[in-house]
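No lab work stands behind these numbers, since they all come straight from the coordinates. Values in this document were obtained by computation on a predicted structure and should not be read as measured data. Here the Cβ positions follow ideal geometry from the backbone for every residue, glycine too, while neighbour counts run over all protein chains shown.
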Amino acid sequence: MAQRHSRQSLQAACARWLGLGALVIGFMAGLAPTRIAHAQLAAVPGAFDDWSPTGRKETLPRAQPAPKPNPIPKTGGRLGYSAILGLWCSPASRYRIERKQLIVVLNDGKRVVFPITRFFFMASTIDIRWLSNGENIRTVFGHFSANRRRMVQFGVNRTYNRC
């Protein structure tokens, strides 16, 4: 019976050693076979964050800045006064557009002032109504550049740039 008891204790001791050996081998291989080994790895946060297969520390890609939204005036997605008011130049003339008047200066130096009666702001165009000798005239501008420095006068298809 003593032999039998020692044989059982020997088998139990071997099983314990084999289990411990499997644990060590698994831990060294990075398998973490048991909860204990898993808990030990989790107890050291960031322990393997800088590891790489080449042995060199790999740099992370740089974060790119968020794209800037298009400069749309705060008028519900439509163009506003800030897009049209000011001095505009073309090869044929210069326009000074104000809230109440349109001042046109031709290349020969002639200056004409027209009263503006109304602005109509749309998503991509601005319609200006003005008076010339008591007659209502309509001029539509569109194709505004993203930075609001260039526009096209429809009808004559003339491009104006900020002066």
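So the values come out like this:
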read-out	value
Under 5 Å, built H, 5+ apart or other chain: amide partners of GLN101	ILE116
Simple label model, 7 Å out from Cα along Cβ direction - ILE137 to SER124, nm	2.7
Extension gain (nm, one decimal) between ILE116 and ARG150, 0.36 nm per residue minus Cα-Cα	10.1 nm
